[in-house]
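Colleague: Have a look at this one before I ask anything.
The values are calculated or read from the model by the stated rules, or taken from the named source; none is laboratory data. Values in this document were obtained by computation on a predicted structure and should not be read as measured data. Quick reminder, even Gly has a Cβ in these numbers, built from the backbone with ideal geometry, and neighbours come from all protein chains shown.
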Amino acid sequence: MTKKEFIADIAEKGGIAKKDAEKVVNLFLDTVSDNLEKGNSVSFVGWGKWEVVRREAREVRNPQTGKKMKIKAKKVVKFRVGKTLEEKVAKSKAKIK
């Protein structure tokens with residue numbers, strides 16, 4: 001699902017204009033992004049949690065050449081799914097690609 005499709009779905013389910021749904025989606029995304037940028041986690045009980053974690057520097061091997069490479073330490077966003085959402089998806093009958 002693309003952002004455009006997501007906005008259309010929100011508008012339809014909420015009975016609101018697409019323009020208003022787009023504002024809400026953009027506000028949501030901006031708020032999550034701003035909080036992660038500040039180092040805060042964003043959590044929705046039962047649904048999931050976004051948090052910023054530090055990935056340490058490490059040495060890896062290029063599988064094609066076998067050459068060793070170093071990857072610098074960096075901050076990454078991690079999402080952990082909540083129990084309620086995990087169970088809902090597990091029970092769904094949707095086809096997996």
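Colleague: Determine which member of the set Thr65, Thr2, Thr31 is free of Cβ contacts under 8 Å to residues at least 60 places away in the same chain and surrounded by 10 or more Cβ atoms within 10 Å (Cβ to Cβ).
Modeller: Thr31
Colleague: Between Ile96, Ile71, which is hydrophobic (A, V, I, L, M, F, W, C), surrounded by fewer than 10 Cβ atoms within 10 Å (Cβ to Cβ) and more than 17 Å from the chain's Cα centre (by Cα)? It would help to see each step written out before you state the result.
Modeller: Numbers: Ile71 fails: surrounded by fewer than 10 Cβ atoms within 10 Å (Cβ to Cβ).
The conditions single out Ile96.
Colleague: Give the stretch 34-54 a look and list any residue that's more than 24 Å from Lys88 (Cβ to Cβ) and surrounded by 14 or more Cβ atoms within 10 Å (Cβ to Cβ), or say none.
Modeller: The answer is Asn35, Leu36, Val52.
Colleague: Within the stretch 50-77, count every residue that is of a type outside the set (A, V, I, L, M) and touching a Phe, Trp or Tyr at 6+ places or on another chain (Cβ under 7 Å). Before you say what the answer is, go through the steps one by one.
Modeller: Restricting attention to the stretch 50-77, the residues satisfying the condition of being of a type outside the set (A, V, I, L, M) are 50-51, 54-56, 58-59, 61-68, 70, 72, 74-75.
Imposing the further condition that a residue be touching a Phe, Trp or Tyr at 6+ places or on another chain (Cβ under 7 Å) reduces the set to 50.
Adding up the residues that qualify gives 1.
Colleague: Exactly one condition in (1) at pLDDT 95 or above; (2) over 28 Å from Phe6 (Cα atoms); (3) in contact with a strand residue (DSSP E or B) (Cβ under 8 Å, 6 or more places away or on another chain) is not met by Leu36; state its number.
Modeller: (2)
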